[in-house]
Amino acid sequence: MAATGERTPRIDAADLGSTLPIVLDAIESDHADMASVSRASVLICRAFACPTVVTRFRSESGGGLSGDVPPSAPQCAISTFTSSSTSPTSGAPVPETARVNPLIDLLEADKPVFSVWVNYYGVSADHQVAATAQANPSYDFYLYDLEHQPYDVERLRRFLQDLLDPDVLATQGRAAIKPVIARIPSAGRELNSWVVKQVLDAGVAGLMFPHIETAEEALAAVAAARYPQKPGAPDYEPEGRRGFSPAVPARYRGVDQLAYVERSDIWGLDPNGELVLIFIIESRKGIQNVHSIAKALHDAGVKAILWAGGGDLALSNGEPPYGGAMPKTIDGIHAVLAAGSEFGLPVGLNDYTDIEVNYTKGARAFFAIGPHMLAASPLTAGQRSALGR
């Protein structure tokens, strides 16, 4: 589906506190310094998706931002709110659906991506963790656990808000805020669609589904995570089951509601889709079916990460998790890597051990754990260089 026409981001102006009235008053003043006003109003709108300033400023400036935005204003702060097909600063084409989720660009370029859990194994997802995580350049996205941690969507929403660094928004744009992918509590065999839509409606960039064991479970998860498409559309299947309530996630992503609906389709299914799904293969049954799971996703046009979950897989094999000999578990991890490579799906691993070797086998997503990793770098500069990062 494609959003058409003028974008109209929605948010109550009161949410901008005392800053917005000052900007509005300045815009309406006969003696306003329009260069300063334009910079302030555009940046505020870019960060909070507010239509009020844009509407009034367009009226003041004769119907468009492009004539009055100073060259020093960041291009990323302008393009979302202009209907022009060219950049107001450089004249270069501005894609109306430029991605907010930078994780996809890295995966599309076949680059490895790095992550750490932000509320698991001694890490508490509070405002200090959010500030530390957003400031760490070593990680591309963050994992938020709702499977083994309490199912608290409101706390997840607060964490997402705490990631929004005003300076980063003003100078680098919304895409510089680190994406968060949440692991839901329900396993594939007990998938609950209400959990999927509640977590997505908080504004996350994707979902991690634990204990996926069959192709049917994987495709059911895909259906639960996407809005229904127009009947007859090439990407109608798997038929979307997500309920429509995009106001909160659209506001968090910094786009209007129609743009959010378009961008929140699944990566691969829609050229503008930005939701990244991770399927954890972590049981003997999942390993037995991993080839058919990967094939079903590939045939449906879904691009997703297959995560080889070593801990639960070891228990499923009767082997000690994370200690001692576990040959069946290692064989299972190799089976996930092989299925991902065959069908062009990136594979995720639990740690950074032998990262260069695993990269050659198809591993593209690497996850760290523990408070000692939150502010650190999981790789040396030499390792990053060897992996093209």
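The values are calculated or read from the model by the stated rules, or taken from the named source; none is laboratory data. All figures in this text were calculated on a predicted structure; none of them were measured in a lab. Neighbour counts run over all protein chains shown; Cβ positions are idealised from the backbone, glycine included.
Annotations
- Residue count, the range 345-373 (criterion: more than 15 Å from Ala308 (Cβ to Cβ) and outside any loop (DSSP other than H, G, I, E, B)): 6
- Residue match in the range 333-352 (condition: buried (at least 18 other Cβ atoms within 10 Å of the Cβ), modelled with pLDDT under 95 and under 21 Å from Ala205 (Cβ atoms)): no
- Failed condition for Val255, given (1) closer than 16 Å to Glu274 by Cβ; (2) surrounded by fewer than 23 Cβ atoms within 10 Å (Cβ to Cβ); (3) at pLDDT below 95: (2)
- Cβ pairs under 9 Å, 6+ apart, first in the range 113-129 and part of a strand (DSSP E or B), second β-branched (Val, Ile, Thr) and at pLDDT below 95: Val116/Val123; Val116/Ile369; Trp117/Val123; Trp117/Ile369
- Candidate set from the range 171-190 (those that are aliphatic (A, V, I, L, M) and in contact with a Leu (Cβ under 9 Å, 6 or more places away or on another chain)); member that is nearest to Leu146 (Cα to Cα): Ile184
- Scope the range 319-332; condition of a type outside the set (Phe, Trp, Tyr), more than 15 Å from Gly286 (Cα to Cα) and surrounded by fewer than 19 Cβ atoms within 10 Å (Cβ to Cβ); matching residues: Glu319, Pro320, Pro321, Gly323, Gly324, Ala325, Pro327
- Here Ala376 fulfils each of the conditions (1) within 25 Å of the chain's Cα centre (by Cα); (2) in a helix (DSSP H, G or I); (3) more than 27 Å from Gly188 (Cβ to Cβ) apart from (2).
Rundown of residues vs (1) more than 23 Å from Asp140 (Cβ to Cβ); (2) in contact with a Phe, Trp or Tyr (Cβ under 8 Å, 6 or more places away or on another chain); (3) outside any helix (DSSP H, G or I); (4) without any contact (Cβ under 8 Å) to a residue 40 or more places away in the chain, yes/no style:
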{"position": "Arg241", "(1), (2), (3), (4)": "yes, no, yes, no"}
{"position": "Val255", "(1), (2), (3), (4)": "no, no, yes, no"}
{"position": "Val261", "(1), (2), (3), (4)": "yes, yes, no, no"}
{"position": "Ala335", "(1), (2), (3), (4)": "yes, no, no, no"}
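- Qualifying residue in the range 175-197 (condition: polar (S, T, N, Q), out of contact with any Phe, Trp or Tyr (no Cβ under 6 Å at 6 or more places or on another chain), closer than 24 Å to Arg384 by Cβ and in the same structural domain as Leu219 (by TED's automatic domain parsing)): no
- Extreme residue, nearest to Asp312 (Cα to Cα), among residues of the range 189-238 that are buried (at least 22 other Cβ atoms within 10 Å of the Cβ) and out of contact with any helix residue (DSSP H, G or I) (no Cβ under 9 Å at 6 or more places or on another chain): Met208
- Yes/no for Gly309 being under 24 Å from Leu107 (Cβ atoms) and touching a residue at least 60 places away in the same chain (Cβ under 8 Å): yes
- Matching residues, the range 303-320, being within 23 Å of Phe114 (Cβ to Cβ) and either of a type outside the set (Asp, Glu) or not assigned by TED's automatic domain parsing to the domain that holds Tyr352 (or both): Lys303, Ala304, Ile305, Leu306, Trp307, Ala308, Gly309, Gly310, Gly311, Leu313
- Restricting attention to the range 291-318, the residues that are of a type outside the set (S, T, N, Q), part of a loop (DSSP other than H, G, I, E, B) and surrounded by 18 or more Cβ atoms within 10 Å (Cβ to Cβ) add up to 4.
- Residue in the range 206-221 that is part of a helix (DSSP H, G or I), in contact with a strand residue (DSSP E or B) (Cβ under 7 Å, 6 or more places away or on another chain) and assigned by TED's automatic domain parsing to the domain that holds Ala339 present: yes
- Number of the exception - Phe343 against (1) without any contact (Cβ under 8 Å) to a residue 40 or more places away in the chain; (2) aromatic (Phe, Trp, Tyr); (3) over 20 Å from Tyr121 (Cβ atoms): (1)
- 1 or more residues at pLDDT 95 or above and within 13 Å of the chain's Cα centre (by Cα): qualifying helices (runs of 4 or more DSSP H) within the range 133-204: 153-162, 193-200
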